[in-house]
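Before any comments, here is the structure.
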Amino acid sequence: MSDQPRIRPQPGIMEIALYEGGAAHVQGMDNVVKLSSNENPFGASEKAREAVARAAHQMHRYPSTDHRPLREAIGRVHGLDPDRIICGVGSDEIIHFLAQCYVGPGDEVVFTEHGFLMYRISTMAAGGTPVAVPERDRVTDVDAILAACTARTKLVFVANPNNPTGTMIGLDQLERLANGLPEGALLVIDAAYAEYVTGYDGGAALATRLSNVFMTRTFSKIYGLGGLRVGWGYGPREIIDVLNRIRGPFNLSNVALAGAEAAMNDQDHVTRSREDNARLRDWLAGALAEKGVPSDTSCANFILARFADEAVADGCDAALKAEGLIVRKVAGYGLPNCLRITVGDEPSCRRVAHVIGRFMAERGQA
């Protein structure tokens, strides 16, 4: 066997850093509050849970291959053409599809320095070159993105609102970006947190009008279906046709499809979740600011708390964990002095504010 040639992965694969999700456990503690993955603290709607329970009786059946009922539900709610919608295993899979279909060796993919880690991973998995561009005070800088684009640019990812910063830019800036891209480059608007912004369509109208704009969305955030893994994308029909050619025929289960369709049709739950999140997000940001911990105005369901340096951020993280509160360290996103804190229910927010306030007071910084 020693004379056998070694089995090797494609070039670049082993250079990809493993993605680490938000922690869910603290050693030695049974009862913890998880505020590390931007999950809806109110969970899925009752209608979605009921639909999942009914669908469980059909787990022995293969799901539909075209996701037609779910795509039609999405189309009704958002006023979109179902034939321009593709569904995937979270928006992560849609991002992978885009990279697999449009990126290869020698091609470049542009995104902002604090953007979602999957942009880099999907790019490298396809053999492309990731290009991270600076943000301006943790806000997407359209001019910096345009300056980074070349004839080799194939995809430009912009999360709006962004994760983990929570900041966003206006639709006019997104349109300016799309109009300034090189020929053959596609702007992908990652709108995972769009539902948290009143009156924001996530870039759907741009993706309807412009041939070089694509939008991704998810059921994992405000819909509370992170455990079912359902996302969707919307854009020009020719791009949808390309992506469907590599999509697995049964990539979403019966249970996932049923839950997502019911969730999409229950917009009352979305409205309640958005309103509660806005109220508690503003309260938490204000409470931490009073303790000497600033954050940028967040348009999502989390805040990015900023500390003096990495050591202080690590110390605060440890203080929170000691009380069973799990938040997200974001050094991997280039923000070592920050902690991303999901907006939980009111008791969780008050506990976070209390613990951080006590930590800062003990350091003489509150």
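The values are calculated or read from the model by the stated rules, or taken from the named source; none is laboratory data. Keep in mind it's a predicted model, so treat the numbers as computed, not measured. All Cβ positions, glycine included, derive from the backbone under ideal geometry; neighbour counts span all protein chains shown.
Annotations
- Selected residue (criterion: farthest from the chain's Cα centre (by Cα)) from residues of segment 330-353 that are surrounded by 17 or more Cβ atoms within 10 Å (Cβ to Cβ) and charged (D, E, K, R): Arg351
- The C-beta contact set for segment 171-199 (first residue buried (at least 18 other Cβ atoms within 10 Å of the Cβ), second residue among the charged types (D, E, K, R) and assigned to a loop (DSSP other than H, G, I, E, B), distance under 8 angstrom, 6+ apart or interchain) comprises Ala192/Lys221; Tyr193/Lys221; Ala194/Asp201; Glu195/Lys221; Tyr196/Lys221.
- Residue in segment 266-285 that is aromatic (Phe, Trp, Tyr) and within 20 Å of Cys101 (Cα to Cα) present: no
Let's see how each residue does on (1) touching a helix residue (DSSP H, G or I) at 6+ places or on another chain (Cβ under 8 Å); (2) of a type in the set (A, V, I, L, M):
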position	(1), (2)
Ala132	yes, yes
Asp137	no, no
Ala148	no, yes
Ala151	no, yes
Ile169	yes, yes
Ile189	yes, yes
Thr198	yes, no
Leu206	yes, yes
Arg209	no, no
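- Considering segment 149-196, and only residues there that are of a type in the set (D, E, K, R) and under 26 Å from Ala278 (Cα atoms), the residue that is farthest from the chain's Cα centre (by Cα) turns out to be Asp172.
- Flag for Thr216 being assigned to a loop (DSSP other than H, G, I, E, B) and either within 19 Å of Thr112 (Cβ to Cβ) or of a type in the set (A, V, I, L, M, F, W, C) (or both): no
- Condition check for Val327: surrounded by fewer than 22 Cβ atoms within 10 Å (Cβ to Cβ), of a type in the set (Val, Ile, Thr), touching a residue at least 40 places away in the same chain (Cβ under 8 Å) and closer than 26 Å to Leu228 by Cβ: no
- Residues that are over 21 Å from Ala207 (Cα atoms) and not in a loop (DSSP other than H, G, I, E, B), drawn from segment 230-264: Asn254, Val255, Ala256, Leu257, Ala258, Gly259, Ala260, Glu261, Ala262, Ala263
- Check on Val139, among the aliphatic types (A, V, I, L, M), in the same structural domain as Arg237 (by TED's automatic domain parsing) and in contact (Cβ under 8 Å) with a residue 60 or more places away in the chain: yes
- Test set (1) closer than 20 Å to Gly226 by Cα; (2) surrounded by 23 or more Cβ atoms within 10 Å (Cβ to Cβ); (3) charged (D, E, K, R) - Asp276 fails condition number: (2)
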